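Here is the structure we will look at, set down as structure tokens.
The values are calculated or read from the model by the stated rules, or taken from the named source; none is laboratory data. Since the structure is predicted, the reported quantities are computational estimates derived from the model, not experimental observations. With ideal geometry, Cβ positions are generated from the backbone for all residues, glycine too; neighbour counts draw on all protein chains shown. Quick note on the areas: whole protein, heavy atoms, side chains included, nothing else; ligands and nucleic acids left out. Shrake-Rupley method; radii C 1.70, N 1.55, O 1.52, S 1.80 Å.
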Amino acid sequence: MPLSSITYISRAAEVRGERRHMFLDGLVKEADRNNAPLGVAGCLILVDDFFIQVLEGARGPISETYARIMVDDRHSDIHIVGAGPLVMRRFPASGLAAFDINSATNPVFSKYKVRPEFCPYQMAPHALADLIEQIALVCAKLDTSNRRRTAETPEAAQAALA
């Protein structure tokens, strides 16, 4: 079955402090439960108040997953920024890599800011694609145990993407 990918950005439901960690952890667990049987994997990055997500898998399951995201109240203002066929996966089909990043303290994001605060909606398409590719490469290099640990510690996520 041919592989496909969808990359989107969205505004994340506003959560702060310890609730933010629980919010992301719950989202990842739910995504893994729904997507693993479908062979859908990828990377979810919570940057400040935005999601950047890359989904990979067969076209039908990717479309089903994206349709669920479109009606999920944890996401708003959703925009596809890339979609198409894949030659090979960048992410293992075993789960969703997840990172919680503060753009103000992560040097990777400093060169992508259009304004003092990071906003993917204001970025040029080529710059956003480049940023997503940099993040995806880092995520793809991490094994499943590292991805889970990173999802649980924002400091480790910062270091992994620095």
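Quick look at the numbers
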{"item": "Test result for residue 104, among the hydrophobic types (A, V, I, L, M, F, W, C) and closer than 12 Å to residue 48 by Cβ", "result": "yes"}
{"item": "Subset of the stretch 15-47 that is in contact with a helix residue (DSSP H, G or I) (Cβ under 9 Å, 6 or more places away or on another chain) and among the charged types (D, E, K, R) - its residue that is least open to solvent (accessible area, probe 1.4 Å)", "result": "20"}
{"item": "Unique residue being under 19 Å from residue 101 (Cβ atoms) and in contact (Cβ under 8 Å) with a residue 24 or more places away in the chain when the list is 32, 25, 73", "result": "25"}
{"item": "Only one of 45, 101, 69, 78 that is over 20 Å from residue 129 (Cα atoms) and touching a Phe, Trp or Tyr at 6+ places or on another chain (Cβ under 8 Å)", "result": "69"}
{"item": "Residues of the stretch 86-97 that turn out to be modelled with pLDDT of 80 or more, over 15 Å from residue 132 (Cβ atoms) and buried (at least 18 other Cβ atoms within 10 Å of the Cβ), as a count", "result": "1"}
{"item": "Among the residues listed as 80, 52, 45, the single one being touching a Pro at 6+ places or on another chain (Cβ under 7 Å) and either among the aliphatic types (A, V, I, L, M) or modelled with pLDDT under 90 (or both)", "result": "52"}
